[in-house]
Amino acid sequence: MTHRSTPSSLCSIKQQKIGYRIAPTHYHPITINTDYQSLASWIIQQPIVVIDGYTGVDWEGIQSALSDILTEQGIRFKWYDIGKLQKSTAVLEQQLAPFMGGDAHWGSICPLGMADLYPQTNLHLHPDFDQHIIIGPGAALFHTSAPVIYAEHSKLTLDLSDPEAFKRFYYIDRVIYNEHKAAIRDRIKIMIDATSVSRPAWVWRKELNAAIDQLLTQPIRLLPWFAPGPWGGQWLKAKIDGLPQSVPNYAWGFELVAPESMLLIDNGKATFGLPFEWLMYDWQQAILGRHAAIFGSYFPIRFDFLDTIDGGHLSIQCHPSQKFIQKQYNEPIAQDETYYILEAAPGATVFLGLRPGVDTGLFRQELTESAATNKPVAIGDFVQEHPSAKHDLFLIPNGAVHSAGKGNLVLEISATPYLYTFKMYDWLRPNLDGELRPISIEEAFANLRPGYTSEELVARPRTVETGNDWQITELPTHPQHFYNIRRLEFDSSIEVTTDNRCLMMILVEGESIRANGAVYNYLESFVNPAAVSRVTLTNNGSTRAYVLMVTLKDDHPVYHRLPPVIM
């Protein structure tokens, strides 16, 4: 598949950048060390040290750097490489196979723990050495009283391009490692951001906790990331400064995706990255407030961008029900979504809901034949196509057939799961690798709900509060959604109270605002923790600002069907 370097219609996209920052940081005067010498100086004072960490950490690089320093200082030390003690590859593959899903595109969330990867966790320390360093994934299991150094890194550095590697990470490693680090967190003395092993950034855990305590007294913004796709557009690529231009397009912008997001802390000299799940372990009450008792350490909302401007249609698709996603994949909640239209080209549309009276049997027959023979399907005969305009909100509860048509920049607001897109028709186009993407007609029709009507799938905005130069607009969500959406529209400023709720916000109209003093530009999202009782939004621009605010509903049937694992 070839791509023009400049699409013929790109002239419709103004080239002026929007001020969006792809590497947002939070200032705090915490001490961030960026060398191994200072780390080795502390290690030398401990007769036994554990260096544990996340999957994908460069253990050899860390061990080599520290060994050089310890050798220079004449220390009699011994390394215990715990990774070599794991069960054999053949045994692990057999043990983990039930969670890999076989030939399926999806696996199942693994219930095993770190100890299950090892035949035993006993370790004999050799008496002829002054210094014992136990290193590797799960190392803390092999000595339960030694101080722990924990090595983290950005998940974006993992090579997950192979589908099997991604399934292994998402369904198994991610779950096991997160459970393990949550269990040992009280033993951790030092945290290392090992994203760059040649220049590690490390902090004292006690200082890090104090920094987070302070940072959560204000809104926070997490690190976004972007990816190309077969239907991707050119708006994000043209408008956001700093994005690599070597890719053909940007289809996705992952703006707030808790399982993969990081908080970047900067002290003016160095930056330390902390995966967002660490905040949810010890600060879930501060972040989620009244909903912490429901979701625990699970952050339940996701924001991402879908760019089809000068691109193509997304696949015709639907998402599984909560019952299906729990039974088949061991996920806690369904992938209920909404599409908020940020930008729309003339003639842009959204596909959503079946046409009244559609014969679903015939629809399935047409899709099945197309998947087998590459025969085009007249999607308009089966699926409704709605005109889309800036600030429209489309409601996509599980089981609703849908697709973002070309010409849209969409803010997808959703429950956190993001993998379970059952593609029914992908317009017979190849992926970026030249292959057709998998079609999942059986799973789609096992979850398809043909009874949804247009009236319940398109939000009808209503004004709920007004002031001198502001108003609050309610954008009603579907009863299946466990979150509310409001739009704060103001010329100068507006104040909202959290009422012990987490406020997830994003600037969807206007150049720039301040939230309790912190600056956010167009399309930048931020999380206002429940512990921040009030947030004052101030407009920095000359035109009215619109801020979308997402909150969790006080009660919802979804809450009563959550598995105990996330409580």
Please determine, by comparing only the residues of the stretch 43-55 that are more than 18 Å from residue 115 (Cα to Cα) and touching a residue at least 24 places away in the same chain (Cβ under 8 Å), which one is surrounded by the most Cβ atoms within 10 Å (Cβ to Cβ). 49
Condition broken by residue 318, with the remaining ones in (1) of a type in the set (A, V, I, L, M, F, W, C); (2) within 30 Å of residue 150 (Cα to Cα); (3) touching a residue at least 60 places away in the same chain (Cβ under 8 Å) satisfied: (2)
I'd like to know if the stretch 365-380 contains one or more residues that are more than 21 Å from the chain's Cα centre (by Cα), farther than 24 Å from residue 423 by Cα and in a helix (DSSP H, G or I). no
Whether any residue in the stretch 223-234 is touching a Gly at 6+ places or on another chain (Cβ under 6 Å) and hydrophobic (A, V, I, L, M, F, W, C) is what I want to check. yes
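Residues are listed down the side, and each one gets a yes or a no for (1) surrounded by fewer than 21 Cβ atoms within 10 Å (Cβ to Cβ); (2) within 18 Å of residue 158 (Cβ to Cβ):
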position: 183; (1), (2): yes, no
position: 190; (1), (2): no, no
position: 194; (1), (2): no, yes
position: 202; (1), (2): no, no
position: 206; (1), (2): yes, no
With the requirement that a residue be on the phi > 0 side of the Ramachandran plot and crowded, with 17+ Cβ neighbours inside 10 Å, what does the stretch 481-532 give you? 510, 523
Quick count over the stretch 90-114, residues being hydrophobic (A, V, I, L, M, F, W, C) and at pLDDT below 95, is 1
Selection over the stretch 526-567 where residues are over 16 Å from residue 334 (Cα atoms) and touching a Pro at 6+ places or on another chain (Cβ under 8 Å) yields a count of 6
Out of everything in the stretch 399-441 that is farther than 28 Å from residue 507 by Cα and of a type in the set (Phe, Trp, Tyr), what residue ends up being nearest to the chain's Cα centre (by Cα)? 422
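Residue-wise test of (1) surrounded by 19 or more Cβ atoms within 10 Å (Cβ to Cβ); (2) in the same structural domain as residue 400 (by TED's automatic domain parsing); (3) under 23 Å from the mean Cα position of the chain (by Cα).
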{"residue": "288", "(1), (2), (3)": "yes, yes, yes"}
{"residue": "293", "(1), (2), (3)": "no, yes, yes"}
{"residue": "305", "(1), (2), (3)": "yes, yes, yes"}
{"residue": "318", "(1), (2), (3)": "yes, yes, yes"}
{"residue": "329", "(1), (2), (3)": "yes, yes, yes"}
{"residue": "342", "(1), (2), (3)": "yes, yes, yes"}
{"residue": "348", "(1), (2), (3)": "yes, yes, no"}
{"residue": "355", "(1), (2), (3)": "no, yes, no"}
{"residue": "361", "(1), (2), (3)": "no, yes, no"}
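Rundown of residues vs (1) modelled with pLDDT of 95 or more; (2) under 22 Å from residue 224 (Cα atoms); (3) in a strand (DSSP E or B); (4) basic (Lys, Arg), yes/no style:
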{"position": "464", "(1), (2), (3), (4)": "yes, no, yes, no"}
{"position": "471", "(1), (2), (3), (4)": "yes, no, yes, no"}
{"position": "476", "(1), (2), (3), (4)": "yes, no, no, no"}
{"position": "481", "(1), (2), (3), (4)": "yes, no, no, no"}
{"position": "504", "(1), (2), (3), (4)": "yes, yes, yes, no"}
{"position": "507", "(1), (2), (3), (4)": "yes, yes, yes, no"}
{"position": "514", "(1), (2), (3), (4)": "yes, yes, yes, yes"}
{"position": "520", "(1), (2), (3), (4)": "yes, yes, yes, no"}
{"position": "549", "(1), (2), (3), (4)": "yes, yes, yes, no"}
Residues that are part of a loop (DSSP other than H, G, I, E, B) and farther than 13 Å from residue 168 by Cβ, drawn from the stretch 91-101: none
Test: residue in the stretch 415-432 that is under 27 Å from residue 166 (Cα atoms), free of Cβ contacts under 8 Å to residues at least 60 places away in the same chain and either among the aliphatic types (A, V, I, L, M) or in the same structural domain as residue 354 (by TED's automatic domain parsing) (or both): yes
When you go through 154, 145 one by one, which is the residue that is within 23 Å of the chain's Cα centre (by Cα) and either surrounded by fewer than 18 Cβ atoms within 10 Å (Cβ to Cβ) or at pLDDT below 95 (or both)? 154
Return the only residue of 75, 109 being of a type in the set (Val, Ile, Thr) and over 25 Å from the mean Cα position of the chain (by Cα). 75
Failed condition for residue 6, given (1) among the β-branched types (Val, Ile, Thr); (2) assigned to a helix (DSSP H, G or I); (3) at pLDDT below 95: (2)
Cβ-Cβ under 8 Å, sequence separation 6+ or interchain: first residue in the stretch 527-542 and basic (Lys, Arg), partner surrounded by 17 or more Cβ atoms within 10 Å (Cβ to Cβ). Which pairs? 534/496; 534/498
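For every residue, the table says whether it meets (1) farther than 24 Å from residue 397 by Cβ; (2) of a type in the set (S, T, N, Q).
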{"position": "494", "(1), (2)": "yes, no"}
{"position": "504", "(1), (2)": "no, no"}
{"position": "533", "(1), (2)": "yes, yes"}
{"position": "549", "(1), (2)": "no, no"}
{"position": "552", "(1), (2)": "no, no"}
{"position": "556", "(1), (2)": "no, no"}
{"position": "559", "(1), (2)": "no, no"}
{"position": "563", "(1), (2)": "no, no"}
Hits in the stretch 292-309 - residues which are out of contact with any Ser or Thr (no Cβ under 9 Å at 6 or more places or on another chain) and not in a helix (DSSP H, G or I): 296, 297, 305, 306, 307, 308
Given the criterion touching a Gly at 6+ places or on another chain (Cβ under 9 Å) and either closer than 20 Å to residue 284 by Cα or not polar (S, T, N, Q) (or both), identify the matching residue among 506, 513. 513
Over the stretch 445-465, the set of residues surrounded by 15 or more Cβ atoms within 10 Å (Cβ to Cβ), in contact with a Pro (Cβ under 9 Å, 6 or more places away or on another chain) and not hydroxyl-bearing (Ser, Thr, Tyr) is 446, 447, 449, 456, 457, 459, 461
For a quick check of your reading: which helices (runs of 4 or more DSSP H) sit entirely within the stretch 115-222 and have at least 2 residues that are under 16 Å from residue 52 (Cα atoms)? 174-184
In this structure, is residue 63 more than 30 Å from residue 439 (Cβ to Cβ), of a type outside the set (A, V, I, L, M, F, W, C), in the same structural domain as residue 183 (by TED's automatic domain parsing) and touching a residue at least 12 places away in the same chain (Cβ under 8 Å)? yes
Verdict on residue 112 being farther than 17 Å from residue 200 by Cα and in contact (Cβ under 8 Å) with a residue 60 or more places away in the chain: yes
State whether the residues of the stretch 379-397 include one that is in contact with an Asp or Glu (Cβ under 6 Å, 6 or more places away or on another chain), modelled with pLDDT of 95 or more, surrounded by 22 or more Cβ atoms within 10 Å (Cβ to Cβ) and closer than 16 Å to residue 457 by Cβ. yes
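The values are calculated or read from the model by the stated rules, or taken from the named source; none is laboratory data. Keep in mind that what you see is a predicted model, and the values were worked out from it rather than measured. Cβ: placed from backbone, ideal geometry, glycine included. Neighbour counts: every protein chain shown.
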